[in-house]
1. Out of the residues in the stretch 488-508 meeting the condition of being among the hydroxyl-bearing types (S, T, Y) and part of a helix (DSSP H, G or I), tell me which one is farthest from V411 (Cα to Cα).
2. What residue, among those in the stretch 180-198 that are within 25 Å of G257 (Cβ to Cβ) and surrounded by fewer than 17 Cβ atoms within 10 Å (Cβ to Cβ), is farthest from the chain's Cα centre (by Cα)?
3. Against the conditions (1) touching a helix residue (DSSP H, G or I) at 6+ places or on another chain (Cβ under 6 Å); (2) modelled with pLDDT of 95 or more, where does V513 fall short? Just the number, please.
4. Kindly evaluate Q274 against the criterion of being assigned by TED's automatic domain parsing to the domain that holds Y326, under 21 Å from the mean Cα position of the chain (by Cα), closer than 23 Å to F56 by Cβ and of a type outside the set (V, I, T).
5. Restricting to the stretch 467-523, and then to whatever is β-branched (V, I, T) and in contact with a strand residue (DSSP E or B) (Cβ under 9 Å, 6 or more places away or on another chain), can you tell me which residue is surrounded by the most Cβ atoms within 10 Å (Cβ to Cβ)?
6. Do the conditions hold for F299, that is, is it surrounded by 20 or more Cβ atoms within 10 Å (Cβ to Cβ), in the same structural domain as L122 (by TED's automatic domain parsing) and not in a loop (DSSP other than H, G, I, E, B)?
7. Have a look at T187, T201, T177 and point out the one that is closer than 30 Å to D392 by Cβ and not aromatic (F, W, Y).
8. So which residues in the stretch 306-333 are aromatic (F, W, Y), part of a helix (DSSP H, G or I) and at pLDDT below 95?
Amino acid sequence: MKIRLKRPGTAAFLTGLAAFAVYSITVAPGVGFIDSGELSTVACTLGIAHPTGYPFYTLLGWVFSRLPVAHAEIARLNLMAALFCSAASGILVLVFRRVILLSGRKPSAGSFPTVSACGGALMLAFSATYWSQALQVEVYPLHLLLVSLVLLQFLRSGFPLPGEAPGERHWYMFAYTVGLAFTNHMTTVLLAPGLLYLYFTRHGGSRGSWNRLMRMSLPFLAGLSLYLYVPLRASRDPILNWGYAVNMERFLWHFTGKQYQVWMFSSMDVVGRQISYFIRDLPFEFAYVGLLLSIAGTFALWRGNRRVAFGVTLLFLVCIAYAANYDIHDIDSYFLLSYVCVGMTAAVGLSAAAALASARFPRRGNLVPLALLAICVIPVLAHFRDADESDDHLVEDYTTNMFSSLRPDAVVISYQWDYWVSASYYYQIVGHFRPDVTVIDKELLRRSWYLKELEHRRPWLIASSRLEVNAFLAQVDLFEHGLPYDPAQIQAKYVGMIESFIRHSMTSHPVYVTGEIEPAFTPGLARLPEGLAFRLSAGRGEIPSPFPQFRFRAFPRRGRLEDMIHRLYADAFLSRGEYFLANFHDAQEARKCLENANFYEPASPRSLRLAALLPH
């Protein structure tokens, strides 16, 4: 039986367009949590991002940040994320369709493979994690797009459909795209086991197969050569120069993500926790119906084409194995390849269901495509409320409220990267908002490159503490080069350097810390609660700034990051209330602070303790 192809390109375009239409009304309006501020700054200024550098993202982001759309650079970059994810979903229609046809399904209507592929792509596009990637600037939307292109080119080159006769140029384009994909995200390597298995089981281990791989190395290296951006740009000392990758050693540290390797393959407890999280969350990811179709499609794929089924299974399992060994909180994005596999098998499941329905109800065959697409609306309805970020101003408000808490020319030491330190890069460098404030990330101070960046941005800060900085660098250099080192010495010099920054800055600048900074770094200094931070003072009993007036636009979705934002606001008011009660016996001010704290985090243990101290 000849398989009829019915405009798959048009179907792919319409699928991507439908995804973009939904993404565009749910996209975030501004800077988000974690790395959003840093990555948007890198894109806007052609800087160097955190390891592994992401040069392809940076260059494309720079182009998008200058397009005459939206009201600000961050809005353009968020739309870029939406565009990349929707384009990836369109390309995945073509990928899924090929897998359906390779599975041996021969539905009664030629449109069913295409419609089923659209259904699987839409289920993936509106799964929880995939949808979230489309709404804020990150490197994963481009990663999804490139992975989709790699899969499509591989299947077209290695598993052509009837009527197709791909030449060697398709393999070269495939290899070039793989190289480009590596310049955006190193987890592209997770494709290797599955694709190599499919390649060798289909084409054998002959000399011709190996020679083709050797020839493909040249276009692969051509794509990978975009990584030259990192050392070349780093040598020009951009304003954000993570890793200071100006020589081969530092470039390799950055390229291999040495900074983050400490969180990889740390313990079996981590593996168990991450796998449990994946299994527990997977049904919700696809609104249950997608997972059920995926299970059915997996069985259908194994019956129809064991080679392809094993290749897809390898892609799925290798992704899970890698992500499960990474000890971080925001692990969801590292499961994306496995979610692509679930969407792929869900598409096969839809095709099998369509064939069964068409055979049992031949007179209702025209209704089958409509029924398939109706099923795909379920994830949209299930996830829309949680996915919608169009009114999410939490990070924007918290960052501007933090800056409003600080006096002119302030120095602030913080470890709140996820909530405002990352965003401060964008606001200060791109938005030119409060450039007078010196923001210091306490944990990044442990890295030698960060001290170079601080010296570039605030030379007076490093100059005033040169002896302490050099003493710390001498110790941390041993650690960074894998030489014998004394952890106690590193910590002592690290604390001494921070104390020096504080001591010298206080002579001419108001100096602040945020609440998580340990007392060991501020010995002998009082902490005066002012807004969201604490101003350091050598005196006692000083009256802080007036009662804070924060701009806070509530956002209904709750989660680890959102809950912490609420807690940080509550803690700021509780710290003020405790301070006024302890130093001035001002119960009225303390009660006012307690009321505001309960607005953000009602009846927390700390607020209950303060309430117990107030006179009734």
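1. Y494
2. Ranking the candidates gives L196 first.
3. Failed condition: (1).
4. No: the conditions fail for Q274.
5. Going through the qualifying residues, I end up with V511.
6. No; evaluated as a whole, the condition is false for this residue.
7. T187
8. Y322
The values are calculated or read from the model by the stated rules, or taken from the named source; none is laboratory data. Remember, it's a predicted structure, so these values are computed and weren't measured experimentally. Cβ sites come from the backbone with ideal geometry, for glycine too, and all protein chains shown count toward neighbours.
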